[in-house]
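The values are calculated or read from the model by the stated rules, or taken from the named source; none is laboratory data. Values in this document were obtained by computation on a predicted structure and should not be read as measured data. So basically every Cβ, Gly included, is an ideal-geometry build from the backbone, and we count neighbours across all protein chains shown.
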Amino acid sequence: MASGRSELVSLLKYYWDNHWKKNSGLTLVICGSVASFMLRHIVHSKALHNRKTFEIKLPPLPASEARLFFKNFRSDFEIAKFLMVFGGIPKYMEQLDPRLSFSDNVDRLCFQKNGFFVNEFETIFKEQFKVVKNYERIVKILSQKSCSKEDLGKYLKISSGGGLTSYVNNLEQADFIKVFTPKAPFGASGEKTKKLVLWDEWLRFYFIYVEPNRNIIELNTEPGLFYKVAGQSLNNYFGLAFEKLCMKNLLSVFRNIGYDIHQIIGFGPFFRQRKRNKSNDEGLQIDILVHKKGQVLTLIECKYSTKPISSSIIPEIQRKIQFLKAPRNFTIERILISAGEVTANLQRSDYFHHIVGMETLF
């Protein structure tokens with residue numbers, strides 16, 4: 001309704017002030033999926049100033065609700081694969097056939113001519129942004145690796161000032177990307193530069209698997225192309241995607257292990273790049289670091305593996321704790337979120353404060 005009609009908001013103001021607000025039984029709900037438009041012309045509109053009762057930024061469904069689309073036909077492990085590709089978008093969930101496997105659904109919807117998702121990238125970007133070229137370049141770079149805004153500007157050959165800032169803000173408002181500040185809660189020597197992370201599951205999958213094979217897909221009418229294209233790389237892909245799935249459903253994990261969320265000061269990934277002048281410095285990346293009241297840090301390791309996780313993970317976590325260099329008055333708790341099984345040796349080691357399975361996310 002509003003596209004290309006800048007006078008619409010002024011008309012809403014006129015009719016609200018002169019007709020509708022007099023009706024005590026009337027509620028006006030203004031909905032839109034184009035985040036930049038809603039913020040600029042509705043939420044921050046001068047015409048509608050002081051007329052808003054409240055606003056809701058509706059997020060994708062959490063895993064516990066998205067699971068209902070599968071009607072107990074798929075395991076939690078397989079449902080997690082769906083969520084790591086399509087996210088918790090209800091429209092996307094509606095396209096899936098719960099009677100078919102993950103690979104059959106992806107093959108049918110993404111890797112065959114006229115599949116629903118083949119042209120979805122162009123659809124969502126044209127809805128959100130009028131000029132898509134630079135936005136597309138940004139998310140394509142971030143699908144390969146997270147980086148700072150300064151590095152992104154160098155890749156794109158765009159100044160990291162106002163122009164790039166506007167692109168980044170619009171992408172963040174639309175939940176396509178997320179900006180993380182990696183500084184540790186106790187002031188440790190982490191990176192001071194904010195890092196941009198591709199936050200939308202479908203965009204990452206699209207740029208890694210669909211976009212490079214568009215010419216083949218647009219001719220293909222037979223099943224089986226998905227695994228021919230993806231092959232063994234899927235396990236590595238899900239390894240990174242699992243971290244985001246855990247972070248997006250962290251509230252379920254906290255509730256399951258009895259964490260009081262009111263004690264949480266902040267959380268997010270923590271990272272520090274390798275120092276060039278130190279040969280023994282390998283850098284540091286913690287999947288999720290939680291800061292709680294009372295000088296408590298919780299290091300959360302997210303592991304996606306089809307093989308049981310053994311006690312060999314312990315030295316890896318110890319190295320991260322060593323390089324984190326938390327003050328002595330901090331307690332460091334350790335949590336493992338595992339997509340698969342863990343060995344009896346790891347269980348008996350009693351190293352982790354909590355070991356939780358994928359079902360915890362649901």
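Quick notes on this structure:
The rows are residues; the columns are (1) in a strand (DSSP E or B); (2) surrounded by fewer than 19 Cβ atoms within 10 Å (Cβ to Cβ).
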site: 317; (1), (2): no, yes
site: 323; (1), (2): no, yes
site: 329; (1), (2): no, yes
site: 337; (1), (2): yes, no
site: 340; (1), (2): no, yes
site: 347; (1), (2): no, yes
site: 351; (1), (2): no, yes
site: 360; (1), (2): no, no
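- Filter pass, residue 2 being surrounded by 11 or more Cβ atoms within 10 Å (Cβ to Cβ), of a type in the set (Gly, Ala, Ser), at pLDDT below 90 and outside the structural domain of residue 201 (by TED's automatic domain parsing): yes
- Any hit, the range 154-162, residues being among the aliphatic types (A, V, I, L, M), more than 30 Å from residue 294 (Cβ to Cβ) and crowded, with 17+ Cβ neighbours inside 10 Å: no
- Some residue of the range 265-282 being out of contact with any helix residue (DSSP H, G or I) (no Cβ under 6 Å at 6 or more places or on another chain) and either β-branched (Val, Ile, Thr) or in a helix (DSSP H, G or I) (or both): yes
- Output for the range 340-361, where each listed residue is farther than 20 Å from residue 267 by Cβ and within 23 Å of the chain's Cα centre (by Cα): 340, 357, 359
- Top-ranked residue in the range 3-47 [being outside any loop (DSSP other than H, G, I, E, B) and touching a residue at least 60 places away in the same chain (Cβ under 8 Å); ranked as nearest to the chain's Cα centre (by Cα)]: 35
- Checking residue 98 against (1) part of a loop (DSSP other than H, G, I, E, B); (2) modelled with pLDDT under 95, the condition it does not meet: (2)
- Being surrounded by 13 or more Cβ atoms within 10 Å (Cβ to Cβ), hydrophobic (A, V, I, L, M, F, W, C) and more than 30 Å from residue 356 (Cβ to Cβ) holds for only one residue in 54, 37, 70, and it is 37.
- Some residue of the range 200-220 being outside any loop (DSSP other than H, G, I, E, B), under 23 Å from residue 289 (Cα atoms) and modelled with pLDDT of 95 or more: yes
- Reported count of residues in the range 94-145, each being in contact (Cβ under 8 Å) with a residue 24 or more places away in the chain, surrounded by fewer than 19 Cβ atoms within 10 Å (Cβ to Cβ), in the same structural domain as residue 157 (by TED's automatic domain parsing) and acidic (Asp, Glu), is 2.
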